1. If you line up the Cα atoms of the stretch 71-163 on their principal axes, what length do they span on each, largest first, in Å?
2. Run the numbers for Phe2 and His71: contour at 0.36 nm per residue of separation, minus the present Cα-Cα distance, in nm.
3. Over the stretch 1-92, what per residue volume does the convex hull of the Cα atoms give, in whole Å³?
4. Ratio of the chain's C-alpha Rg to 2.2 N^0.38 Å, to two decimals?
5. Starting from the Cα of Ser131, step 7 Å along the direction of its Cβ; do the same at Phe23; then give the gap between the two resulting points in nm.
6. Measuring with a 1.4 Å probe in the full set of protein chains, what accessible area per residue, in whole Å², belongs to the stretch 1-117?
7. Find how many whole Å separate the alpha carbon centroid of the stretch 99-124 from the alpha carbon centroid of the stretch 69-95.
8. Determine, from the Cβ-Cβ distance of Phe54 and Ser161 and an R0 of 30 Å, the FRET efficiency 1/(1 + (r/R0)^6), rounded to the nearest 0.05.
Amino acid sequence: MFTFSFHPDFHKQSTRRLTAGGFGKVYDIASDGIPFLEIETNPNSWNPFNAAWFFQQCFCIGSGNEVYFIHLQTGKIKTVSCDMYFGSFHIHKDRLYIASSSRLFCFDSDCELVWKSEEIAVDGVIVNDFSETALSVSCETDPPGGWISCQLSLYNGKLLSSV
């Protein structure tokens, strides 16, 4: 089982280190308690929603306006840019959903993009719930405080309804 922690820059010579977007903040990945990998990111790429998450064979980091997918076995790093900022990670069945400032992204079990919604907000998308065919979200369309509720198709990200 993989676990992670983070710390200021201190390289363990016996652990492989990858760089995703910059230098300074280091995530330590361990496999069954044994140091496995270090991933270094830019400490200046910050927002209050920064998060890290394991999904399938990837370690995912949402930082600033970018999301990094680091494949744990190959070390391959893929970067996806969000509009203004990364918001949150959500897993439903075998899909990873990423909320950003203005839209949702859906990724398959290989962290390949399945769909990207249209812009449904200007300053925040919050995932509320999943059903068999849709996901319910809150979208800030008129800041501050102008939130509406929407439903998006789980299959293609298309807007089904908004209130």
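The values are calculated or read from the model by the stated rules, or taken from the named source; none is laboratory data. Note that this is a predicted model, so its numbers are computed, not measured. No Cβ is skipped: glycine too gets one built from the backbone with ideal geometry, and neighbour counts run over all protein chains shown. Just the protein is used for accessible areas: all its heavy atoms, side chains included, with ligands, DNA and RNA removed. Shrake-Rupley method; radii C 1.70, N 1.55, O 1.52, S 1.80 Å.
1. If we take the Cα atoms of the stretch 71-163, the spans are 44, 29, 17 Å.
2. Numbers: separation 69, 0.36 × 69 = 24.84 nm, distance 1.24 nm.
Using 0.36 nm per residue and subtracting the Cα-Cα distance, I get 23.6 nm.
3. Working: hull volume 8.8 nm³, N = 92.
Spelled out: Cα convex hull of the stretch 1-92, divided by residues, is 95 Å³.
4. Values: Rg = 16.6 Å, N = 163, 2.2 N^0.38 = 15.2 Å.
Output field value: 1.09.
5. 5.2 nm
6. Values: 5690 Å² over 117 residues.
For the stretch 1-117, the per-residue accessible area is 49 Å².
7. 11 Å
8. 0.35
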